[in-house]
Amino acid sequence: MTTADLRLDPDTLTRQQCKESLIKDRLIIFDTTLRDGEQSPGASMTRDEKIRIARALELMKVDIIEAGFPIASDGDFESVKSVAKIIKDSTVCGLARAKQVDIERAGEAIKSANSGRIHTFLATSPIHMQQKLRMSPDQVVEAAVAAVRMARQYTDNIEFSPEDAGRSEADFLCRVIEAVIAEGATTINIPDTVGYNVPHQFGALISDLMERVPNSDKAVFSVHCHNDLGLAVGNSLAAVLHGARQVECTINGLGERAGNASLEEIVMAVRTRQDIFRCDSDLDTTQIMNCSKLVSGITGFTVQPNKAIVGANAFAHESGIHQDGVLKSRETYEIMRAQDVGWTTNKLVLGKHSGRNAFKSRMAELNIQFASEEELNEVFAAFKTLADKKHDIFDEDLLALVNEATFETENETIKLVSLKVCCETGEIPSATMTLNIDGAEQQAVASGDGPVDACFKAIEKLTQTGVKLQLYSVNAITTGTDSQGEVTVRVEKDGQVINGQGADTDIVIASAKSYINALNKVINSAGRTHPQLGDV
(Lines give C-alpha, C1' and ligand atoms only; values in the text may rest on other atoms or scores of the structure.)
Protein backbone atom coordinates (compact mmCIF):
# COMPACT_ATOMS: atom_id res chain seq x y z
CA MET A 1 0.00 0.00 0.00
CA THR A 2 1.42 3.36 -1.02
CA THR A 3 1.26 6.72 0.73
CA ALA A 4 -1.18 7.80 -1.97
CA ASP A 5 -3.44 4.84 -1.09
CA LEU A 6 -3.43 5.87 2.56
CA ARG A 7 -4.32 9.40 1.55
CA LEU A 8 -7.11 8.47 -0.86
CA ASP A 9 -8.93 5.78 1.08
CA PRO A 10 -8.18 6.16 4.82
CA ASP A 11 -11.48 4.62 6.00
CA THR A 12 -10.71 1.20 4.45
CA LEU A 13 -7.46 0.72 6.41
CA THR A 14 -7.20 -2.20 8.79
CA ARG A 15 -5.99 -1.61 12.36
CA GLN A 16 -2.60 -3.15 11.46
CA GLN A 17 -2.27 -0.92 8.40
CA CYS A 18 -3.08 2.14 10.53
CA LYS A 19 -0.41 1.07 12.98
CA GLU A 20 2.14 0.66 10.19
CA SER A 21 1.30 4.06 8.71
CA LEU A 22 1.76 5.68 12.11
CA ILE A 23 5.21 4.18 12.38
CA LYS A 24 6.12 5.39 8.91
CA ASP A 25 4.73 8.92 9.03
CA ARG A 26 6.32 11.68 11.06
CA LEU A 27 4.90 15.18 11.16
CA ILE A 28 7.72 17.69 10.76
CA ILE A 29 7.34 20.81 12.89
CA PHE A 30 8.74 23.94 11.25
CA ASP A 31 8.74 26.82 13.72
CA THR A 32 8.80 30.34 12.27
CA THR A 33 8.39 32.32 15.49
CA LEU A 34 11.76 34.01 14.93
CA ARG A 35 10.86 35.00 11.36
CA ASP A 36 7.15 35.30 10.65
CA GLY A 37 6.35 35.73 14.34
CA GLU A 38 8.76 38.65 14.48
CA GLN A 39 6.80 40.36 11.71
CA SER A 40 4.06 41.14 14.23
CA PRO A 41 4.13 44.91 14.79
CA GLY A 42 6.24 45.49 17.88
CA ALA A 43 7.54 41.91 18.15
CA SER A 44 11.07 42.66 16.93
CA MET A 45 13.70 40.68 18.85
CA THR A 46 17.37 41.24 19.58
CA ARG A 47 20.02 38.69 18.60
CA ASP A 48 20.33 37.43 22.18
CA GLU A 49 16.55 37.11 22.52
CA LYS A 50 16.42 35.08 19.31
CA ILE A 51 19.14 32.80 20.63
CA ARG A 52 17.23 32.23 23.87
CA ILE A 53 14.07 31.29 21.99
CA ALA A 54 16.00 29.10 19.54
CA ARG A 55 17.55 27.16 22.43
CA ALA A 56 14.10 26.63 23.95
CA LEU A 57 12.77 25.40 20.59
CA GLU A 58 15.70 23.03 20.25
CA LEU A 59 15.07 21.68 23.76
CA MET A 60 11.43 21.10 22.71
CA LYS A 61 12.79 19.08 19.74
CA VAL A 62 11.40 21.33 17.00
CA ASP A 63 12.61 19.90 13.68
CA ILE A 64 13.28 23.16 11.82
CA ILE A 65 13.81 26.67 13.19
CA GLU A 66 13.32 29.47 10.67
CA ALA A 67 15.65 31.97 12.31
CA GLY A 68 15.00 35.03 10.16
CA PHE A 69 15.23 36.79 6.82
CA PRO A 70 18.97 37.48 6.40
CA ILE A 71 18.72 40.06 3.61
CA ALA A 72 16.31 42.26 5.60
CA SER A 73 19.03 43.89 7.69
CA ASP A 74 22.51 43.36 9.08
CA GLY A 75 20.90 42.63 12.44
CA ASP A 76 18.71 39.89 11.01
CA PHE A 77 21.69 38.39 9.16
CA GLU A 78 23.76 38.29 12.35
CA SER A 79 20.85 36.76 14.27
CA VAL A 80 20.43 33.92 11.78
CA LYS A 81 24.19 33.40 11.68
CA SER A 82 24.40 33.25 15.49
CA VAL A 83 21.49 30.82 15.79
CA ALA A 84 23.07 28.63 13.07
CA LYS A 85 26.32 28.42 15.07
CA ILE A 86 24.67 27.55 18.37
CA ILE A 87 21.85 25.15 17.44
CA LYS A 88 22.99 21.56 16.86
CA ASP A 89 19.93 19.29 17.01
CA SER A 90 17.43 21.28 14.92
CA THR A 91 17.76 22.40 11.31
CA VAL A 92 18.29 26.17 11.02
CA CYS A 93 16.57 27.86 8.10
CA GLY A 94 16.96 31.26 6.46
CA LEU A 95 14.30 32.87 4.26
CA ALA A 96 15.13 34.28 0.83
CA ARG A 97 13.14 35.75 -2.02
CA ALA A 98 13.78 34.24 -5.43
CA LYS A 99 16.66 36.65 -5.97
CA GLN A 100 20.38 36.01 -6.17
CA VAL A 101 21.30 38.58 -3.51
CA ASP A 102 18.79 37.08 -1.05
CA ILE A 103 19.93 33.52 -1.62
CA GLU A 104 23.61 34.43 -1.30
CA ARG A 105 22.90 36.20 1.98
CA ALA A 106 20.85 33.28 3.33
CA GLY A 107 23.53 30.80 2.26
CA GLU A 108 26.20 32.78 4.09
CA ALA A 109 24.00 33.05 7.22
CA ILE A 110 23.39 29.30 7.55
CA LYS A 111 26.89 28.25 6.44
CA SER A 112 28.01 27.19 9.93
CA ALA A 113 24.82 25.30 10.77
CA ASN A 114 25.06 21.65 11.71
CA SER A 115 21.98 21.25 9.51
CA GLY A 116 20.92 24.18 7.33
CA ARG A 117 18.05 24.97 4.99
CA ILE A 118 17.28 27.76 2.54
CA HIS A 119 13.60 28.65 2.16
CA THR A 120 12.95 30.60 -1.02
CA PHE A 121 9.61 31.91 -2.24
CA LEU A 122 7.91 33.58 -5.18
CA ALA A 123 4.27 34.58 -5.64
CA THR A 124 2.09 32.51 -7.96
CA SER A 125 -1.42 33.96 -7.64
CA PRO A 126 -2.71 36.08 -10.55
CA ILE A 127 -3.14 39.17 -8.36
CA HIS A 128 0.41 38.93 -7.01
CA MET A 129 2.00 38.19 -10.37
CA GLN A 130 0.17 41.02 -12.09
CA GLN A 131 0.03 43.69 -9.39
CA LYS A 132 3.17 43.07 -7.31
CA LEU A 133 5.71 41.18 -9.38
CA ARG A 134 4.68 42.48 -12.82
CA MET A 135 5.82 39.13 -14.21
CA SER A 136 4.25 36.68 -16.65
CA PRO A 137 3.62 33.06 -15.59
CA ASP A 138 6.53 31.90 -17.74
CA GLN A 139 8.84 34.40 -16.02
CA VAL A 140 7.69 33.22 -12.60
CA VAL A 141 8.45 29.59 -13.42
CA GLU A 142 11.86 30.54 -14.77
CA ALA A 143 12.68 32.64 -11.70
CA ALA A 144 11.52 29.93 -9.29
CA VAL A 145 13.66 27.27 -10.95
CA ALA A 146 16.67 29.61 -11.04
CA ALA A 147 16.25 30.35 -7.31
CA VAL A 148 16.29 26.66 -6.39
CA ARG A 149 19.32 26.13 -8.64
CA MET A 150 21.18 28.95 -6.88
CA ALA A 151 20.21 27.67 -3.42
CA ARG A 152 21.70 24.25 -4.24
CA GLN A 153 25.13 25.87 -4.26
CA TYR A 154 24.80 26.24 -0.48
CA THR A 155 22.73 23.26 0.68
CA ASP A 156 20.79 20.25 -0.53
CA ASN A 157 17.99 21.09 1.92
CA ILE A 158 15.84 23.52 -0.07
CA GLU A 159 12.27 24.58 0.51
CA PHE A 160 10.21 26.42 -2.07
CA SER A 161 6.98 28.31 -1.38
CA PRO A 162 4.60 29.52 -4.08
CA GLU A 163 3.45 32.61 -2.18
CA ASP A 164 -0.33 33.09 -2.01
CA ALA A 165 -0.83 29.52 -3.18
CA GLY A 166 -4.28 29.56 -1.59
CA ARG A 167 -5.45 32.00 -4.30
CA SER A 168 -3.36 30.56 -7.14
CA GLU A 169 -4.66 28.58 -10.11
CA ALA A 170 -4.22 24.83 -9.56
CA ASP A 171 -2.84 24.12 -13.04
CA PHE A 172 -0.18 26.78 -12.69
CA LEU A 173 0.71 25.60 -9.18
CA CYS A 174 1.27 22.09 -10.53
CA ARG A 175 3.53 23.46 -13.24
CA VAL A 176 5.68 25.48 -10.82
CA ILE A 177 5.90 22.72 -8.23
CA GLU A 178 6.91 20.08 -10.76
CA ALA A 179 9.63 22.37 -12.12
CA VAL A 180 11.20 23.26 -8.76
CA ILE A 181 11.15 19.64 -7.54
CA ALA A 182 12.89 18.61 -10.75
CA GLU A 183 15.51 21.28 -10.01
CA GLY A 184 16.14 19.94 -6.49
CA ALA A 185 13.61 21.39 -4.04
CA THR A 186 13.11 18.87 -1.24
CA THR A 187 10.18 20.56 0.53
CA ILE A 188 7.20 22.23 -1.13
CA ASN A 189 5.37 24.60 1.16
CA ILE A 190 1.82 25.63 0.25
CA PRO A 191 1.06 28.93 2.01
CA ASP A 192 -2.37 30.39 2.65
CA THR A 193 -0.64 33.76 2.76
CA VAL A 194 -3.71 35.91 3.38
CA GLY A 195 -5.77 33.41 5.40
CA TYR A 196 -8.38 33.14 2.65
CA ASN A 197 -9.00 29.40 2.54
CA VAL A 198 -11.38 27.18 4.52
CA PRO A 199 -10.42 23.68 5.73
CA HIS A 200 -12.25 21.43 3.27
CA GLN A 201 -11.05 23.55 0.35
CA PHE A 202 -7.45 23.75 1.54
CA GLY A 203 -7.24 20.04 2.35
CA ALA A 204 -8.55 19.22 -1.11
CA LEU A 205 -5.93 21.52 -2.66
CA ILE A 206 -3.12 19.61 -0.92
CA SER A 207 -4.31 16.19 -2.02
CA ASP A 208 -4.98 17.51 -5.54
CA LEU A 209 -1.43 18.86 -5.87
CA MET A 210 0.15 15.68 -4.50
CA GLU A 211 -1.84 13.54 -6.91
CA ARG A 212 -1.39 15.70 -10.02
CA VAL A 213 2.30 16.66 -9.76
CA PRO A 214 4.21 13.72 -11.33
CA ASN A 215 7.27 13.99 -9.06
CA SER A 216 5.43 14.90 -5.84
CA ASP A 217 6.85 11.80 -4.13
CA LYS A 218 10.32 13.40 -4.34
CA ALA A 219 9.44 16.17 -1.85
CA VAL A 220 7.75 16.68 1.50
CA PHE A 221 4.60 18.77 1.24
CA SER A 222 4.24 21.50 3.85
CA VAL A 223 1.67 24.16 4.76
CA HIS A 224 1.90 27.67 6.18
CA CYS A 225 -1.47 29.13 7.15
CA HIS A 226 -2.41 32.59 8.37
CA ASN A 227 -5.25 33.28 10.76
CA ASP A 228 -7.13 36.17 9.13
CA LEU A 229 -10.42 34.25 9.34
CA GLY A 230 -9.45 32.31 12.47
CA LEU A 231 -8.86 29.16 10.41
CA ALA A 232 -5.07 28.76 10.42
CA VAL A 233 -5.08 25.70 12.68
CA GLY A 234 -8.13 24.20 10.99
CA ASN A 235 -6.60 24.62 7.53
CA SER A 236 -3.28 23.17 8.69
CA LEU A 237 -4.92 20.10 10.23
CA ALA A 238 -7.04 19.57 7.11
CA ALA A 239 -3.83 19.63 5.06
CA VAL A 240 -2.22 17.04 7.36
CA LEU A 241 -5.26 14.79 6.94
CA HIS A 242 -4.78 15.05 3.17
CA GLY A 243 -1.07 14.20 3.13
CA ALA A 244 0.97 17.23 4.21
CA ARG A 245 3.78 16.11 6.48
CA GLN A 246 5.27 19.45 7.53
CA VAL A 247 3.42 22.27 9.28
CA GLU A 248 4.81 25.78 9.62
CA CYS A 249 3.62 27.39 12.83
CA THR A 250 4.59 29.70 15.69
CA ILE A 251 4.57 29.70 19.47
CA ASN A 252 1.31 31.25 20.76
CA GLY A 253 0.18 31.71 17.14
CA LEU A 254 2.35 34.82 16.90
CA GLY A 255 2.60 36.44 13.47
CA GLU A 256 1.72 39.38 11.27
CA ARG A 257 -1.88 40.58 11.09
CA ALA A 258 -4.01 37.95 12.90
CA GLY A 259 -1.08 35.59 13.35
CA ASN A 260 -0.07 32.12 12.18
CA ALA A 261 -1.14 28.60 13.02
CA SER A 262 -0.37 27.94 16.68
CA LEU A 263 2.34 25.32 17.21
CA GLU A 264 0.92 24.10 20.51
CA GLU A 265 -2.57 23.65 19.05
CA ILE A 266 -1.32 21.78 15.97
CA VAL A 267 0.91 19.42 17.94
CA MET A 268 -1.62 18.63 20.65
CA ALA A 269 -4.52 18.18 18.20
CA VAL A 270 -2.52 15.61 16.24
CA ARG A 271 -1.28 13.82 19.36
CA THR A 272 -4.65 13.82 21.12
CA ARG A 273 -6.56 12.57 18.07
CA GLN A 274 -4.34 9.70 16.97
CA ASP A 275 -7.53 7.90 15.98
CA ILE A 276 -7.80 10.37 13.08
CA PHE A 277 -4.25 11.48 12.28
CA ARG A 278 -1.91 8.84 10.87
CA CYS A 279 1.21 10.71 11.88
CA ASP A 280 2.74 12.36 14.94
CA SER A 281 5.54 14.78 15.75
CA ASP A 282 8.63 14.08 17.86
CA LEU A 283 8.03 17.19 19.96
CA ASP A 284 8.67 17.13 23.71
CA THR A 285 5.33 18.67 24.63
CA THR A 286 6.30 19.15 28.29
CA GLN A 287 8.38 22.13 27.09
CA ILE A 288 5.41 23.93 25.50
CA MET A 289 4.56 26.13 28.49
CA ASN A 290 8.18 27.23 28.99
CA CYS A 291 8.39 28.25 25.32
CA SER A 292 5.06 30.03 25.49
CA LYS A 293 6.05 32.06 28.55
CA LEU A 294 9.46 32.87 27.07
CA VAL A 295 8.05 34.15 23.77
CA SER A 296 5.32 36.09 25.53
CA GLY A 297 7.83 37.69 27.87
CA ILE A 298 10.30 38.66 25.15
CA THR A 299 7.78 40.01 22.65
CA GLY A 300 5.35 41.56 25.12
CA PHE A 301 2.44 39.77 23.42
CA THR A 302 0.52 38.36 26.37
CA VAL A 303 -1.46 35.14 26.01
CA GLN A 304 -5.21 35.53 26.39
CA PRO A 305 -6.59 33.55 29.36
CA ASN A 306 -8.87 31.36 27.22
CA LYS A 307 -6.17 30.52 24.65
CA ALA A 308 -6.10 26.78 23.95
CA ILE A 309 -3.29 24.77 25.58
CA VAL A 310 -1.29 27.68 27.04
CA GLY A 311 -3.95 30.12 28.29
CA ALA A 312 -4.33 30.55 32.06
CA ASN A 313 -7.85 29.06 31.89
CA ALA A 314 -7.00 26.20 29.51
CA PHE A 315 -7.26 23.60 32.29
CA ALA A 316 -9.38 25.58 34.76
CA HIS A 317 -12.89 24.49 35.77
CA GLU A 318 -15.31 26.87 37.46
CA SER A 319 -18.67 25.23 36.73
CA GLY A 320 -19.81 23.08 39.66
CA ILE A 321 -20.83 20.31 37.32
CA HIS A 322 -17.44 20.34 35.62
CA GLN A 323 -15.57 20.43 38.93
CA ASP A 324 -17.56 17.49 40.23
CA GLY A 325 -16.90 15.49 37.08
CA VAL A 326 -13.15 16.22 37.04
CA LEU A 327 -12.82 15.27 40.72
CA LYS A 328 -14.47 11.93 40.01
CA SER A 329 -12.60 11.30 36.77
CA ARG A 330 -10.33 13.79 34.99
CA GLU A 331 -11.30 12.45 31.57
CA THR A 332 -14.92 13.64 31.99
CA TYR A 333 -13.94 17.20 31.04
CA GLU A 334 -10.24 17.06 30.15
CA ILE A 335 -8.99 15.49 26.93
CA MET A 336 -5.34 16.25 27.76
CA ARG A 337 -3.26 16.25 30.93
CA ALA A 338 -2.01 19.69 31.94
CA GLN A 339 1.36 18.16 32.85
CA ASP A 340 1.81 16.88 29.30
CA VAL A 341 2.17 20.43 27.99
CA GLY A 342 4.28 21.69 30.90
CA TRP A 343 1.68 23.11 33.28
CA THR A 344 2.75 22.77 36.89
CA THR A 345 1.67 24.37 40.13
CA ASN A 346 3.55 27.57 40.96
CA LYS A 347 6.57 26.35 42.83
CA LEU A 348 8.30 28.41 45.51
CA VAL A 349 11.97 27.93 44.74
CA LEU A 350 13.95 30.85 46.15
CA GLY A 351 13.84 33.58 48.77
CA LYS A 352 15.96 36.38 50.20
CA HIS A 353 18.31 33.92 51.94
CA SER A 354 18.98 31.88 48.80
CA GLY A 355 22.58 31.94 47.62
CA ARG A 356 24.12 32.49 44.22
CA ASN A 357 24.60 28.77 43.50
CA ALA A 358 20.96 27.96 44.27
CA PHE A 359 19.90 30.84 42.03
CA LYS A 360 22.17 29.70 39.18
CA SER A 361 20.98 26.09 39.55
CA ARG A 362 17.31 27.05 39.35
CA MET A 363 17.99 29.22 36.31
CA ALA A 364 19.65 26.23 34.62
CA GLU A 365 16.55 24.13 35.37
CA LEU A 366 14.51 26.84 33.61
CA ASN A 367 16.84 26.56 30.59
CA ILE A 368 18.26 30.04 31.20
CA GLN A 369 21.90 30.31 30.13
CA PHE A 370 23.96 33.39 30.85
CA ALA A 371 26.40 34.74 28.29
CA SER A 372 28.90 35.76 30.97
CA GLU A 373 29.51 35.89 34.72
CA GLU A 374 28.81 39.61 34.52
CA GLU A 375 25.32 38.95 33.18
CA LEU A 376 24.69 36.33 35.87
CA ASN A 377 25.81 38.75 38.58
CA GLU A 378 23.55 41.48 37.18
CA VAL A 379 20.45 39.27 37.25
CA PHE A 380 21.37 37.83 40.67
CA ALA A 381 21.65 41.36 42.07
CA ALA A 382 18.20 42.15 40.64
CA PHE A 383 16.89 38.95 42.25
CA LYS A 384 18.23 40.01 45.67
CA THR A 385 16.62 43.43 45.29
CA LEU A 386 13.30 41.78 44.41
CA ALA A 387 13.59 39.35 47.33
CA ASP A 388 13.80 42.29 49.73
CA LYS A 389 10.47 43.56 48.38
CA LYS A 390 8.66 40.28 47.75
CA HIS A 391 8.79 37.34 50.13
CA ASP A 392 7.86 34.56 47.70
CA ILE A 393 9.86 34.28 44.47
CA PHE A 394 8.33 32.12 41.75
CA ASP A 395 9.67 30.88 38.43
CA GLU A 396 7.64 33.55 36.62
CA ASP A 397 9.44 36.22 38.67
CA LEU A 398 12.81 34.80 37.64
CA LEU A 399 11.88 34.77 33.96
CA ALA A 400 10.73 38.39 34.23
CA LEU A 401 14.10 39.37 35.72
CA VAL A 402 15.92 37.73 32.82
CA ASN A 403 13.66 39.37 30.23
CA GLU A 404 14.37 42.77 31.76
CA ALA A 405 18.11 42.18 31.73
CA THR A 406 18.41 40.91 28.14
CA PHE A 407 18.43 44.34 26.48
CA GLU A 408 22.20 44.81 26.40
CA THR A 409 23.53 47.38 28.82
CA GLU A 410 25.74 49.00 26.22
CA ASN A 411 22.63 49.83 24.18
CA GLU A 412 20.93 51.66 27.03
CA THR A 413 21.19 55.30 26.03
CA ILE A 414 18.54 56.15 28.65
CA LYS A 415 18.62 54.80 32.21
CA LEU A 416 16.21 55.35 35.08
CA VAL A 417 17.97 56.95 38.06
CA SER A 418 15.08 57.92 40.35
CA LEU A 419 11.37 58.61 40.31
CA LYS A 420 9.13 60.50 42.70
CA VAL A 421 5.37 60.53 42.16
CA CYS A 422 2.78 62.63 43.99
CA CYS A 423 -0.81 61.41 43.72
CA GLU A 424 -3.61 62.64 45.98
CA THR A 425 -7.40 62.74 45.77
CA GLY A 426 -8.51 66.05 44.29
CA GLU A 427 -4.99 67.00 43.21
CA ILE A 428 -3.31 66.73 39.80
CA PRO A 429 -0.72 63.91 39.85
CA SER A 430 2.89 64.89 39.19
CA ALA A 431 6.15 63.04 38.61
CA THR A 432 9.74 64.08 39.22
CA MET A 433 11.91 61.99 36.91
CA THR A 434 15.70 61.71 36.92
CA LEU A 435 17.27 59.95 33.95
CA ASN A 436 20.82 59.21 32.88
CA ILE A 437 20.99 60.13 29.19
CA ASP A 438 24.28 59.43 27.41
CA GLY A 439 26.08 59.44 30.76
CA ALA A 440 24.64 62.72 32.08
CA GLU A 441 21.89 62.96 34.68
CA GLN A 442 18.91 65.15 33.81
CA GLN A 443 15.71 65.88 35.75
CA ALA A 444 12.21 66.96 34.75
CA VAL A 445 8.87 67.47 36.46
CA ALA A 446 5.55 66.89 34.70
CA SER A 447 1.89 66.51 35.61
CA GLY A 448 -0.69 64.29 34.00
CA ASP A 449 -4.11 62.66 34.21
CA GLY A 450 -2.63 59.99 36.44
CA PRO A 451 0.74 58.97 37.89
CA VAL A 452 1.67 56.89 34.84
CA ASP A 453 0.70 59.67 32.43
CA ALA A 454 2.79 62.12 34.48
CA CYS A 455 5.78 59.73 34.34
CA PHE A 456 5.58 59.30 30.58
CA LYS A 457 5.29 63.05 30.04
CA ALA A 458 8.34 63.66 32.24
CA ILE A 459 10.32 61.08 30.28
CA GLU A 460 9.25 62.61 26.98
CA LYS A 461 10.16 66.08 28.22
CA LEU A 462 13.73 64.86 28.83
CA THR A 463 14.16 62.65 25.75
CA GLN A 464 12.02 64.49 23.16
CA THR A 465 11.69 61.35 21.03
CA GLY A 466 8.29 62.27 19.63
CA VAL A 467 6.98 58.70 19.84
CA LYS A 468 3.26 57.93 19.93
CA LEU A 469 1.97 55.53 22.58
CA GLN A 470 -0.20 52.86 20.93
CA LEU A 471 -0.62 50.32 23.72
CA TYR A 472 -0.32 50.22 27.51
CA SER A 473 -0.92 46.89 29.22
CA VAL A 474 -0.42 45.66 32.81
CA ASN A 475 -0.33 42.02 33.93
CA ALA A 476 0.37 40.46 37.31
CA ILE A 477 3.25 38.01 36.95
CA THR A 478 2.12 35.83 39.86
CA THR A 479 -0.66 35.88 42.45
CA GLY A 480 -0.88 38.03 45.58
CA THR A 481 -0.85 41.74 46.29
CA ASP A 482 2.95 41.72 46.37
CA SER A 483 3.14 40.30 42.86
CA GLN A 484 5.37 41.99 40.33
CA GLY A 485 3.48 43.92 37.72
CA GLU A 486 4.71 43.44 34.18
CA VAL A 487 3.97 46.43 31.96
CA THR A 488 4.06 46.34 28.17
CA VAL A 489 3.97 49.48 26.07
CA ARG A 490 3.89 49.77 22.29
CA VAL A 491 5.18 52.96 20.69
CA GLU A 492 5.33 54.17 17.10
CA LYS A 493 7.94 56.41 15.51
CA ASP A 494 8.18 57.12 11.77
CA GLY A 495 6.20 53.99 10.92
CA GLN A 496 8.29 51.74 13.15
CA VAL A 497 6.39 49.97 15.92
CA ILE A 498 8.32 48.76 18.98
CA ASN A 499 7.41 47.12 22.28
CA GLY A 500 8.93 47.91 25.64
CA GLN A 501 8.67 45.97 28.88
CA GLY A 502 9.33 46.56 32.54
CA ALA A 503 8.57 44.70 35.76
CA ASP A 504 8.47 45.81 39.36
CA THR A 505 6.38 45.39 42.49
CA ASP A 506 5.51 49.08 41.99
CA ILE A 507 3.33 49.47 38.89
CA VAL A 508 4.37 53.10 38.32
CA ILE A 509 8.06 52.16 38.33
CA ALA A 510 7.34 49.18 36.06
CA SER A 511 5.55 51.57 33.69
CA ALA A 512 8.52 53.96 33.61
CA LYS A 513 10.89 51.04 32.97
CA SER A 514 8.77 49.74 30.07
CA TYR A 515 8.57 53.17 28.42
CA ILE A 516 12.33 53.71 28.78
CA ASN A 517 12.96 50.21 27.41
CA ALA A 518 10.89 51.04 24.32
CA LEU A 519 12.68 54.36 23.80
CA ASN A 520 16.08 52.67 23.98
CA LYS A 521 14.96 50.23 21.29
CA VAL A 522 13.71 53.11 19.14
CA ILE A 523 17.02 54.94 19.49
CA ASN A 524 19.16 51.87 18.81
CA SER A 525 16.99 50.11 16.25
CA ALA A 526 18.62 49.57 12.88
CA GLY A 527 15.24 49.07 11.26
CA ARG A 528 13.88 45.97 9.59
CA THR A 529 12.42 45.49 6.13
CA HIS A 530 9.36 43.30 5.70
CA PRO A 531 10.21 40.23 3.53
CA GLN A 532 7.39 40.96 1.11
CA LEU A 533 7.90 44.69 0.55
CA GLY A 534 9.73 44.63 -2.75
CA ASP A 535 13.42 45.40 -3.15
CA VAL A 536 15.65 45.72 -0.10
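The values are calculated or read from the model by the stated rules, or taken from the named source; none is laboratory data. It should be emphasised that the depicted structure is a prediction, and the values quoted were computed from it without experimental measurement. Counting neighbours? That spans all protein chains shown, and the Cβs are built from the backbone with ideal geometry, glycine included.
Among residues of the range 225-263 being out of contact with any helix residue (DSSP H, G or I) (no Cβ under 7 Å at 6 or more places or on another chain) and modelled with pLDDT under 95, the one that is surrounded by the most Cβ atoms within 10 Å (Cβ to Cβ) is ALA258. Filtered by the rule that a residue be surrounded by 22 or more Cβ atoms within 10 Å (Cβ to Cβ), touching a Lys or Arg at 6+ places or on another chain (Cβ under 9 Å) and not in a helix (DSSP H, G or I), the range 92-117 gives VAL92, CYS93, GLY94, LEU95, ALA96, ILE110, ALA113.
Residue by residue, here is whether (1) crowded, with 17+ Cβ neighbours inside 10 Å; (2) at pLDDT 95 or above holds:
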site: LEU8; (1), (2): no, no
site: THR14; (1), (2): no, no
site: LYS19; (1), (2): no, no
site: LYS24; (1), (2): no, no
site: ILE29; (1), (2): yes, yes
site: LEU34; (1), (2): yes, yes
site: GLY37; (1), (2): yes, no
site: ALA43; (1), (2): yes, no
site: VAL62; (1), (2): yes, yes
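Of all residues in the range 466-523, those satisfying the criterion of being among the aliphatic types (A, V, I, L, M), in contact with a helix residue (DSSP H, G or I) (Cβ under 6 Å, 6 or more places away or on another chain) and within 15 Å of LEU399 (Cα to Cα) are ILE477, VAL487, ALA503.
Of everything in the range 75-96, what is touching a residue at least 40 places away in the same chain (Cβ under 8 Å) and among the small types (Gly, Ala, Ser)? Give them in sequence order. Write out each step before concluding.
Of all residues in the range 75-96, those touching a residue at least 40 places away in the same chain (Cβ under 8 Å) come to 75-76, 79, 83, 91, 93, 95-96.
GLY75, SER79, ALA96 - these are the residues of the range 75-96 that are touching a residue at least 40 places away in the same chain (Cβ under 8 Å) and among the small types (Gly, Ala, Ser).
Among the candidates ASP192, ASP171, the residue that is surrounded by 20 or more Cβ atoms within 10 Å (Cβ to Cβ) and either on the phi < 0 side of the Ramachandran plot or assigned by TED's automatic domain parsing to the domain that holds ALA98 (or both) is uniquely ASP192. Of note, GLN442 satisfies the criterion of being of a type outside the set (Gly, Ala, Ser) and modelled with pLDDT of 90 or more.
Within the range 124-136, residues that are assigned by TED's automatic domain parsing to the domain that holds CYS174 and at pLDDT 90 or above sit with their Cβ atoms under 6 Å from residues that are in a loop (DSSP other than H, G, I, E, B) and polar (S, T, N, Q), at 6+ positions apart or across chains, in these pairs: THR124/SER168; SER125/SER168.
Counting the residues of the range 439-474 that are part of a strand (DSSP E or B) and buried (at least 18 other Cβ atoms within 10 Å of the Cβ) gives 1. Within the range 83-111, the residues that satisfy the criterion of being among the aliphatic types (A, V, I, L, M) and more than 22 Å from the chain's Cα centre (by Cα) are ALA98, VAL101, ILE103. If you go through the range 55-77 and keep only what is over 13 Å from ALA109 (Cβ atoms) and among the hydrophobic types (A, V, I, L, M, F, W, C), you end up with ALA56, LEU57, LEU59, MET60, VAL62, ILE64.
In the range 99-123, how many residues are of a type in the set (Ser, Thr, Tyr) and over 13 Å from GLY68 (Cα atoms)?
The initial filter retains those residues of the range 99-123 that are of a type in the set (Ser, Thr, Tyr), namely 112, 115, 120.
The next check asks that each one be over 13 Å from GLY68 (Cα atoms); those that pass are 112, 115.
Number of matching residues: 2.
Screening the range 264-302 for residues that are within 30 Å of GLN470 (Cβ to Cβ), assigned to a loop (DSSP other than H, G, I, E, B) and of a type outside the set (Phe, Trp, Tyr) and picking the one that is modelled with the lowest pLDDT gives GLY300. Across the range 385-395, the qualifying residues are those that are touching a Ser or Thr at 6+ places or on another chain (Cβ under 9 Å) and surrounded by fewer than 18 Cβ atoms within 10 Å (Cβ to Cβ), and the one among them that is modelled with the highest pLDDT is LYS389. For the range 264-276, residues that are in contact (Cβ under 8 Å) with a residue 40 or more places away in the chain and either within 14 Å of ILE28 (Cβ to Cβ) or surrounded by fewer than 24 Cβ atoms within 10 Å (Cβ to Cβ) (or both) total 7. Selection of helices (runs of 4 or more DSSP H) fully inside the range 131-234 by the criterion of at least 3 residues being within 16 Å of PHE121 (Cβ to Cβ) returns 137-151, 170-183.
Can you work out which of the residues in the range 501-516 that are of a type outside the set (A, V, I, L, M, F, W, C) and under 13 Å from CYS455 (Cβ atoms) is surrounded by the most Cβ atoms within 10 Å (Cβ to Cβ)?
Taking the range 501-516 as the starting set, the residues that turn out to be of a type outside the set (A, V, I, L, M, F, W, C) are 501-502, 504-506, 511, 513-515.
Remaining after also requiring under 13 Å from CYS455 (Cβ atoms): 502, 504, 506, 511, 513-515.
Values: GLY502: 25, ASP504: 21, ASP506: 14, SER511: 27, LYS513: 22, SER514: 30, TYR515: 27.
The qualifying residue surrounded by the most Cβ atoms within 10 Å (Cβ to Cβ) is SER514.
Evaluate the following for GLY351: is it surrounded by fewer than 16 Cβ atoms within 10 Å (Cβ to Cβ) and at pLDDT below 75? So GLY351 passes the test.
Quickly run through the range 58-76 and pick out the residues that are of a type outside the set (A, V, I, L, M, F, W, C) and farther than 18 Å from GLN39 by Cα. If the condition is that a residue be of a type outside the set (A, V, I, L, M, F, W, C) and farther than 18 Å from GLN39 by Cα, then GLU58, LYS61, ASP63 are the ones that fit.
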